[in-house]
Amino acid sequence: MFSRARGTAAAHAATIRELDRQIERKPSAAAYYRRGQRYAQIGDFTRAIADFGAAIGLNPKDHEAFNNRCWARANIGDLQLALRDYNEALKLAPRYRDALNSRGFVNLKSDLPRDAIADYDAALGFNPNHPSSLYGRGIAKLRSGNAVGGNEDIAAAKAIQSNIAEEFASLPTSWFISCTASFCPRSASPR
């Protein structure tokens, strides 16, 4: 969702300072949203959540702000509020693939693999070749005991984006991505 550390720390700091000035002069949902994105990119999820919340307060119909706030919440482990935000994003924009994909991710992290599969299936209905959705669904299938289906989805995701496993592993929430004996058969490792 957020590309971490894209750009230099100095560039992020300069952009945040400029957004601080914009918000001081004339608060806007767009400025809070952009600053929230920058905070999320540098891993300051608490500030990102606050800014996405401010953007929502100024524009309560902004499904992307709900989606980004819930992603930030997921990164600090606040899964219940994250799911609430994803559901609101989907209420505002029912065909919003990013929210379906992200909610699948949170359901996976919440150890709800069947719910994750349903979300990933819905996201893949919009784009059947989305590597993140395929990979996440593959992990969810492994966790639900479907080794063949899980490995097929993971292989399909890797065929589309060879570094998808590394991308998932680099997420701040990557602790749950590893397929362990408690979730998957030994022969079903996604790596």
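Using the per-residue mean of other Cβ atoms lying within 10 Å as a proxy for protection, in what order, highest first, do the peptides 47-53, 143-149 fall?
47-53, 143-149
Highest mean first, what order results for 19-26, 109-116 on Cβ atoms within 10 Å? Let's see the in-between values first.
Numbers: 19-26: 12.6, 109-116: 17.9.
Most protected by this proxy first, the peptides run 109-116, 19-26.
In what sequence, highest mean first, do 151-159, 125-133, 67-75 appear when ranked by Cβ atoms within 10 angstrom? Please list the in-between numbers first.
On the way: 151-159: 19.0, 125-133: 16.6, 67-75: 26.9.
For the peptides 151-159, 125-133, 67-75, the packing ranking is 67-75, 151-159, 125-133.
Taking Rg and Dmax of the Cα atoms in Å as the quantity of interest, determine which of (i) 18.7, 64; (ii) 34.2, 122; (iii) 17.3, 58 was computed from the displayed structure.
Checking each listed value against the structure points to (iii).
What's the center-to-center distance, using Cα atoms, between segment 116-163 and segment 32-67 in Å?
28 Å
Every number in this text was worked out from the coordinates using simple rules, so none of it is lab data. Worth saying up front: this structure is predicted, and the values here are computed from it rather than measured. Note that we place each Cβ from the backbone using ideal geometry, even for glycine, and neighbour counts take in every protein chain shown.
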